[in-house]
Protein chains: 2
Amino acid sequence: MSLKYAVLAALLEGEASGYELSKGFDVSLANFWPATPQQLYRELERLAQDGLVRARTVQQERRPNKRMFTLTEAGRAELGAFAAEPPKRPMAVRDELLIKIQAMDGGDPEATRALIEERMGWSRGKLDRYRRVQSRLLDGRTEDEYLRETDRVGPYLTLMAGISFEQENVRWCERVLTVLRRRVALG
Amino acid sequence: MSLKYAVLAALLEGEASGYELSKGFDVSLANFWPATPQQLYRELERLAQDGLVRARTVQQERRPNKRMFTLTEAGRAELGAFAAEPPKRPMAVRDELLIKIQAMDGGDPEATRALIEERMGWSRGKLDRYRRVQSRLLDGRTEDEYLRETDRVGPYLTLMAGISFEQENVRWCERVLTVLRRRVALG
DNA sequence: CTCGCATAGTCAATTAATTGAATAGGTGTG
DNA sequence: CACACCTATTCAATTAATTGACTATGCGAG
């Protein structure tokens with residue numbers, strides 16, 4: 001249900017094709033509302049039929065044509081209404097790793113350690129990418145300066161959420177590794 | 001795909017009915033692998049057919065009969081194998097609120113503030129429940145003492161993940177509220 | 001020159017998830 | 001004493017998501 005609004009929100013940044021969304025989604029909305037390319041194409045089609053989005057086909061040479069999508073006024077209005085009302089479903093996390101951790105006892109601690117290291121590396125990478133987006137936005141200014149000057153705080157606030165989430169993730173991994181080391185030592 | 005293992009992991013705690021899982025899931029595995037009752041019943045049925053779980057019907061008076069499920073050795077083995085190999089899918093977060101925050105600019109800041117307050121209250125409540133589970137587990141001991149004495153660290157480590165996740169959530173909400181207050185003041 | 005990847009999608013099949021209702025006695029509230 | 005909610009599931013219908021393949025061209029590496 002909310003993919004609809006995620007797509008509309010993504011188009012606040014400007015015109016985009018389904019392909020571009022399915023790529024660039026990765027640095028923003030995909031972090032809290034993941035979607036496959038197929039989902040995006042289907043959703044854009046529906047939005048266009050409902051008049052929330054306008055499509056135009058861009059003829060291209062030496063590459064397939066693409067369809068570019070823009071928010072319509074109706075789309076902007078629907079998104080605004082959505083943004084003001086309370087969420088229908090609470091936030092949900094799905095994390096296979098935590099199932100594995102829950103079930104780790106009795107298994108090989110070395111295998112568990114490897115899983116945690118992998119997650120930690122992944123989170124650090126994500127954090128780096130977030131930080132790069134952040135300094136591109138700040139562009140030399142402090143956070144306070146930026147927030148005073150910009151007209152759109154929304155994207156920055158969600159970026160902050162991503163950053164603190166991954167920071168906490170890394171910290172948790174470190175604590176787990178400490179526990180695992182002690183376990184192995186005391187065997 | 002992983003619901004299967006989430007259910008098996010839940011049964012590590014001991015025999016349980018579908019109904020109990022659909023309730024008690026809430027204080028542990030449901031936090032990182034949510035499932036509706038219907039999903040659980042279906043999954044338990046499949047697991048029983050695959051021999052990973054054994055079912056027995058418990059006759060009850062003044063209440064509907066229930067089917068209690070236990071892990072079989074085969075189930076335990078499959079779960080152990082699962083726990084040792086790397087996750088197929090990365091962790092995913094789905095959060096409607098963040099879509100609303102992303103799209104908040106131009107809307108009513110007061111409405112946004114209300115949404116954040118709501119989330120903060122919810123996270124604080126979750127945190128309280130986690131902390132109650134934690135002190136029940138610790139039972140007067142320090143964390144270090146507990147981790148040295150217990151044979152199962154897994155559930156405690158996932159509990160730690162939940163606690164630090166919600167703590168960070170509350171902190172993020174506070175930062176957002178600060179930003180919103182400044183916006184309104186300078187607006 | 002071939003292999004594979006990037007662009008920019010579409011289509012179809014299967015699997016999974018969501019929603020709502022049905023059953024049926026028991027327990028608690030005003 | 002009526003109404004709603006708890007226990008404990010099952011069933012069916014619809015909607016959504018996942019997976020893999022298919023089209024077609026261009027570009028760069030080896």
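Brief remarks follow.
- Estimated buried accessible area (total), pair A and B, 1.4 Å, Å² to nearest 100: 6700
- A straight chain from B:D50 to B:Q134 at 0.36 nm per residue would run longer than the Cα-Cα distance by 26.8 nm.
- Label-point separation, A:D108 to A:Q38 (7 Å along Cα→Cβ), nm: 3.4
- Surface accessible to a 1.4 Å probe, per residue, for the residues of the stretch A:3-84, Å²: 55
- Greater than 24 Å apart at Cα, pairs in A:K4/B:K126; A:K4/B:K88; B:K4/B:K66; A:K126/B:K4: A:K4/B:K126; A:K4/B:K88; A:K126/B:K4
- Restricting the stretch B:1-103 to GluC sites (Glu not before Pro) in coil, as DSSP defines it, with at most 12 other Cβ within 10 Å: B:E61
- Between the stretch A:168-187 and the stretch B:87-115, the C-alpha centres lie 32 angstrom from each other.
- For chain A, the share of accessible area belonging to carbon and sulfur comes to 50 percent (1.4 Å probe, ligands and nucleic acids excluded).
- Under 5 Å between amide hydrogens, built in the peptide plane, is the criterion, and for B:K66 it picks out B:V58, B:Q60 among residues at least 5 positions away or on other chains.
- Over the C-alpha atoms of the stretch A:61-187, the Rg to Rh ratio, Rh being the Kirkwood estimate, stands at 1.12.
- Environment charge of B:L71, counting only residues whose C-beta is closer than 11 Å and scoring Lys/Arg +1, Asp/Glu -1: -2
- What the stretch B:96-186 shows is 48 Å² of accessible area per residue, with the surface traced by a 1.4 Å probe over protein heavy atoms.
- Kirkwood-type radius of the protein assembly as shown, with distances r between different C-alpha atoms, in Å: 23.0
- Sites excluded, trypsin sites (Lys or Arg not before Pro) in DSSP loops with at most 11 other C-beta within 10 Å, longest stretch of chain A: A:89-187
The values are calculated or read from the model by the stated rules, or taken from the named source; none is laboratory data. As the structure is a prediction and not an experimental result, all values here were calculated from the model. Neighbour counts are summed over all protein chains in view; Cβ atoms, including those assigned to glycine, are modelled from backbone coordinates with ideal geometry. Heavy atoms of the whole protein, side chains included, go into the accessibility calculation; ligands, DNA and RNA do not. Shrake-Rupley method; radii C 1.70, N 1.55, O 1.52, S 1.80 Å.
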